[in-house]
Each structure stands twice: as C-alpha cells, then as structure tokens.
Ligand SMILES: Cc1cc2nc3c(=O)[nH]c(=O)nc-3n(C[C@H](O)[C@H](O)[C@H](O)COP(=O)(O)OP(=O)(O)OC[C@H]3O[C@@H](n4cnc5c(N)ncnc54)[C@H](O)[C@@H]3O)c2cc1C
C-alpha cells in the first residue's frame, strides 16, 4: 500500500450528517480551510435516513420552561446525563434551530403529543425532504471557497503524537490512500447502530469514529445506553414503526398467528396497560410496562429462530384519527403503499440510536489535543433514556461548539509535525496486522457480528446471552488479519470496516456486561432491577497497550 495524495487543511471534519454539516459550515465561516469527508454521500447517515417521515428537535417553550425541560432531561437520564452539558443544550437549541436555513434546511412546526419521554408538550420543529436539503447543501458548500468535500471517503486512522493530532489517513472514492496534514479533527461519524443486522440506520453509521478515537487515546462513555425502536420487518423492511399507531391496535399476533403478548406479561400488568405505555414513546425502555412487548418479541425470536417479530393488526379507527402525528404516520405509510386499516405489519426491535459515544466536554473536546467529537458520535451528554428531539439538538449545539473550539485550537496551534509516507503506512500496517494466517474474511466477520449483536445484545441482554458474543469478538479480533485481507485482494474499506467493527463492538459488549443492572434502555435479564448504587456511575472505555478496558467513572450526579 502506498499514499497517493497529500492534502493540508486547518480542520478536517469527518461526517456529513447534521453534526458534520453544522461544524463544517461554521469552520469555513470562521475563515479556516476545512476538508469535510463522508463515508456515504454528502448528507448521509442517520440524519438522512430514507425510511422515516423527517426529523425533529424539541425546543423549550420559553425562557421559563428551560428549567423544567432540563429537569425532565435529567429525570429521563436517570443519574447518567451530564447536567452541565444538558443545560447548554437546552439553552442553545432554539438559536441553533434558527440557524438551520443557513444549511438549506427549512423547518416547520409540529404538534400532537409530548416528545418521547417528555412530560409535557414543547415546541417541536421538524424538517424533511432529503433530496431538496441535499441539493441546497451541495449548492451552499460549493459556493464556499474554503470548504472542500470528499464523498465516499473513509477515515482509516488518526495520526497522533504525544496525545496531539497531527493528521489522518483516509481512503478516497477511488480507493487511494490520502495523507491529510492537520492539527485538528472533528469526528461527526454518527453512532454505531449500523453494526447491528437490523438497524434503522444506513450502513455507513458503523462505529468507525469510535474505534479511531479510541486508538488516538480518547475515551468512550455510556455505550451500553442505546435506543432500540421497533422497525418493520414486513411489508416494507426497515420502515420506522410509529408507536402512536398503537392507540388503534386491534391485536398482536406471533408469526403462527396466535395471540402473542399476554403470555409474557406479569400477572399485575394487563395487555391494555402494556400497549398504552408502549404507544407513548418510540424507544424501548425498562421504565414502564411497555418493555414487555419487545422483550416478548426477542424471546420469541430466540426460541423459534425467526426474526420477523410480532404481527400487528389495526382497527379501522386509525384512518379516522385527526391527531397530527397519526395523520403524518398515515401519510408516511401511504407513501409506501401501506394502509394500516387494511394491512397488517410485522415489527421487531431495530438498533436506532446511540445515547453514548466519544466522551466530550462542553467545548466538544475529547481528551486528545486537537480531537473534537459532535453529534451522535459524541457521548456523555444524554443519560440512560433520552428525549425525542434531543439527538438532533445535540448535533446542532455541539456541532457548532466543536467548530468554534476547533477553530480556536487550530489558530493557536503550530502546523503539525510531518511524517514520511513510509512511516505512516508502516505503522498503519503494523496496527492492523495480527500476524495470523487465518482465512476469515471481512464479509464473514461483519455477517456474524451483525447477526450476533442483533440476537444477543439487543433489548434482551444477560451474561448467558451476551458473553458468548464478547468471547467470539475477542477470538475473532486475534484471528482476523486486516492487513492480510487487503494484501489478498479484499477491498480496503470493507477490510477496515470489519477491523473497526470488532473494536467498537468489543467496547460495547464490555460496557453491556459491566453494567449489572437494568436502567433506561439497558435491560439485563440476570439483573432485572435498577441498582440505586449505580446511579451517577458511568462506564468509560479506553485502550491501553492494545487492550480495551472498561471501568466505572464517578459521574456528575444531577
Ligand atoms: C429513523 C430515525 C429517526 C430519527 N428521528 C429523530 C428525531 O426526530 N429527533 C431526534 O432528535 N433524533 C432523531 N433520530 C436520531 C438522529 O437523527 C441522529 O442522532 C442524528 O441525525 C445523528 O446525526 P450525526 O450527524 O451525528 O450522524 P449521522 O447523521 O449518522 O452522520 C454520520 C456521518 O458520518 C459519516 N461517516 C461514518 N463513518 C465514517 C468514516 N469512517 N469516514 C468518513 N465518514 C464517516 C457517514 O457517512 C455520515 O455522513 C432519528 C434517527 C433515525 C435513524
């Protein structure tokens, strides 16, 4: 392998979802030279997930509501959210949503129900129509002289010395290696839900940012808290389920067409209670009786080796409901030729969103000088459960903050040390060469990993279920040789995706197994109750001597 191109920039932004777009625009507006790269095309990732009706951000109603909003976030966060960072988000989100038109994103207002996990309705700003936004962003970005976009370009490794960023190694859309000389990198690579077989993410959202950050010396936090939302397995695979439709649920059946849920409910929980609770929020949580639906689905999936989940049949009344959210769900489904009053759907828990990620402070700084993280890639802001509309808020608020801090850092920092091409390639190959002759291919790695994560590290988790996945990952990390895969002709991006996927999944699994309690979206069948002693205790992941280490950090108790 050899380096084909050399580039220099003041700031490298990795990712063109909401957080990357915000950060890249702001860096260029500050007069710095910014290179923005994206594994997917321009405007990709969860921010542009095709099978949903749009995205929304939750705003405080007015200045007086800010405190209530913050209290609610901390309540849902259940001792895991960072009060200071949540405070910043509540304080700045209204202004940041007001700046969306700069990026060519027009917002509208919606109503219908409090956001997921919120106690009261607030201002909900929504945007949709990805094609129009992509066209607007393309026009806006191409008119900025200081901004260069490279689509279908992956970061493979960050270059660093003495806990300081000095560049990055990329692979571009022509599969050529690119050495970027820069002192400053903003990772806006999204979450890691694309590691799962069934996910409501696109395949480019696969945890590479977490792996490269870890290798550079940054820490990951709260990985075990991730959101699973039901997705459709049929008739339109990967279409987002609208939990509000459960207001009109006729019956829930298993794939043998037998009543599915009742047998899994404890004696003191009625079917109606479970369904009513489940209609109030999209993501799975252990906090109320809604949890029995997805736990039942996963038990059924595991016992009967079928992944289609449960069938839902609706009453005719779903077509008569004038609630704004029900109406927009009907429209989304009609766009996919589904009439819920006539057709049944099948649902199962899909990996949806990471509440944890690369640990950042209020300026989006990681513990590595010159390395910033924003959006879903960043962690430590949200707690166990996170409000609907708070993920986009974090992208916008901390995307802008990352840009601001990165510009300040870049201006104050002398040009990075320059490495020779040989030095870079040799150390890269050394990193990914496990010196084994195993013939396991990147396809095998990703296929098995995706299946195992979905089956064994889904909403239903336990030592018995999840430990075998960790054991498999550890064994496979030793056996899988990305250097050999590349040398023998496998695509570099694919070979490296498998390499990074194993590293991020090991971090995730270690965090899942370490948290021996159930809290928010993290359910352990072997520890089904919340453990008060773990309130405020957050799990951090770091890497030392190539070993991935998890430990409890004393969190900032709200
Ligand atoms: C169906 C759905 C509905 C949602 N609805 C809401 C909602 O209404 N409100 C809300 O608050 N949140 C919602 N969320 C969550 C929210 O959309 C995401 O958290 C947010 O959009 C993430 O944005 P991001 O910019 O951090 O990452 P993403 O949008 O995921 O973008 C990641 C970017 O990084 C790039 N990338 C990844 N790896 C690499 C690499 N190695 N090299 C180069 N580039 C890389 C990708 O190609 C992509 O461009 C929803 C999520 C989904 C999936």
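One table, with the values for the structure above:
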{"item": "Segment 295-322, residues that are at pLDDT 95 or above and closer than 20 Å to residue 115 by Cα", "result": "321"}
{"item": "Among (1) more than 30 Å from residue 151 (Cα to Cα); (2) within 12 Å of the ligand (Cβ to nearest atom); (3) not in a strand (DSSP E or B) - the single one residue 68 does not satisfy", "result": "(2)"}
{"item": "Qualifying residue in segment 507-515 (condition: assigned to a helix (DSSP H, G or I) and more than 30 Å from residue 264 (Cα to Cα))", "result": "yes"}
{"item": "Boolean, residue 485 is at pLDDT 95 or above and either farther than 17 Å from residue 213 by Cα or surrounded by fewer than 19 Cβ atoms within 10 Å (Cβ to Cβ) (or both)", "result": "yes"}
{"item": "Top-ranked residue in segment 10-53 [being modelled with pLDDT under 95 and in contact with a helix residue (DSSP H, G or I) (Cβ under 8 Å, 6 or more places away or on another chain); ranked as nearest to the ligand (Cβ to nearest atom)]", "result": "52"}
{"item": "Flag if residue 302 is under 21 Å from residue 239 (Cα atoms) and in contact (Cβ under 8 Å) with a residue 12 or more places away in the chain", "result": "no"}
{"item": "Residue count, segment 149-207 (criterion: within 17 Å of residue 377 (Cα to Cα) and more than 14 Å from the ligand (Cβ to nearest atom))", "result": "1"}
{"item": "Segments classed as helices (runs of 4 or more DSSP H), wholly inside segment 247-366, with at least 3 members that are touching a strand residue (DSSP E or B) at 6+ places or on another chain (Cβ under 8 Å), within 16 Å of the ligand (Cβ to nearest atom) and closer than 30 Å to residue 47 by Cβ", "result": "324-335"}
{"item": "Count of residues meeting criterion [within 11 Å of the ligand (Cβ to nearest atom) and over 16 Å from the mean Cα position of the chain (by Cα)] in segment 386-401", "result": "0"}
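Okay, residues lined up against (1) more than 15 Å from the chain's Cα centre (by Cα); (2) free of Cβ contacts under 8 Å to residues at least 60 places away in the same chain; (3) assigned by TED's automatic domain parsing to the domain that holds residue 537; (4) on the phi > 0 side of the Ramachandran plot:
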{"position": "173", "(1), (2), (3), (4)": "yes, yes, no, no"}
{"position": "180", "(1), (2), (3), (4)": "yes, no, no, no"}
{"position": "190", "(1), (2), (3), (4)": "no, no, no, yes"}
{"position": "212", "(1), (2), (3), (4)": "yes, no, no, no"}
{"position": "218", "(1), (2), (3), (4)": "yes, no, no, no"}
{"position": "221", "(1), (2), (3), (4)": "no, no, no, no"}
{"position": "240", "(1), (2), (3), (4)": "yes, no, no, no"}
{"position": "248", "(1), (2), (3), (4)": "yes, no, no, no"}
{"position": "251", "(1), (2), (3), (4)": "yes, no, no, no"}
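Condition check ((1) buried (at least 20 other Cβ atoms within 10 Å of the Cβ); (2) in contact (Cβ under 8 Å) with a residue 40 or more places away in the chain; (3) over 30 Å from residue 429 (Cα atoms)) across all residues:
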| site | (1), (2), (3) |
| --- | --- |
| 74 | no, yes, yes |
| 77 | yes, yes, yes |
| 84 | no, yes, yes |
| 92 | no, yes, yes |
| 96 | yes, yes, yes |
| 109 | no, no, yes |
| 117 | yes, yes, yes |
| 121 | no, no, yes |
| 137 | yes, yes, yes |
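The values are calculated or read from the model by the stated rules, or taken from the named source; none is laboratory data. The structure presented is a predicted model; accordingly, all values stated were derived computationally and were not measured. Glycine gets a Cβ as well: all are built from the backbone with ideal geometry, and neighbour counts include every protein chain shown.
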